[in-house]
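The block underneath contains the structure these notes are about, expressed in structure tokens.
The values are calculated or read from the model by the stated rules, or taken from the named source; none is laboratory data. None of the values given here were measured: they were computed from a predicted structure. Cβ: placed from backbone, ideal geometry, glycine included. Neighbour counts: every protein chain shown. The protein model used for the area step is the full one, side chains on, heavy atoms only, and it has no ligands, DNA or RNA in it. Shrake-Rupley method; radii C 1.70, N 1.55, O 1.52, S 1.80 Å.
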Amino acid sequence: RRLRVDPGNPDILVVATTRGGHGRNAGDVTTTPSGLRGVLRSTDGGVTWTRTLAGESSALEVDPRSFSRQYAAIALGNDRNGVYRSTNGGVSWSRLDGPWWSNPADISVSNGRIELAMSQSNPDVVYASIAEAVGSPKRNDLVGLFRTENAWADNPNWIRVPLEAIGPGAYCGATPGEGGKCEYSHVIS
């Protein structure tokens, strides 16, 4: 999904990985060992990797001012679904609370794919676009688009960005009668 290189030390890499959805073995989850999915970190230029955040990682953003500050997303029906933040270069992660959980007691079915974008001109601004969970009756629709202007505060304040002007499902490419396509046609930048 994403690969980021520390500009101060090119031997340090972080990568967000997920199981592929297409190709010869797309339906065979055994072809990709679970240790290869999530956020992985290398300190030797990619020769060896350590998984620092488990799950299906759909996004990874790094503060251009400091490689130690990173955001990642774990999604796709995992019990660790959510938006995560690291302040130590991806060595460890903390899940952030936000208004996107319709049922915080059971987040494994609350959210589907999550995409993130960080402002390059002001990395305190981060967007999180969150789709309905795959098992949800509205799985192709959007839970919402959220924005924070204090991404590095202890508890970032997230607000919902209104999408009503573009209509239901339009954000992810609605098909009449079928809703959006947020399960797979879902990108922000």
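Each Lys or Arg adds one and each Asp or Glu subtracts one; over the other residues with Cβ under 12 Å from the Cβ of PRO10, this totals -2.
Using heavy atoms of the protein chains and a probe of 1.4 Å, the accessible area assigned to ASP154 is about 140 Å².
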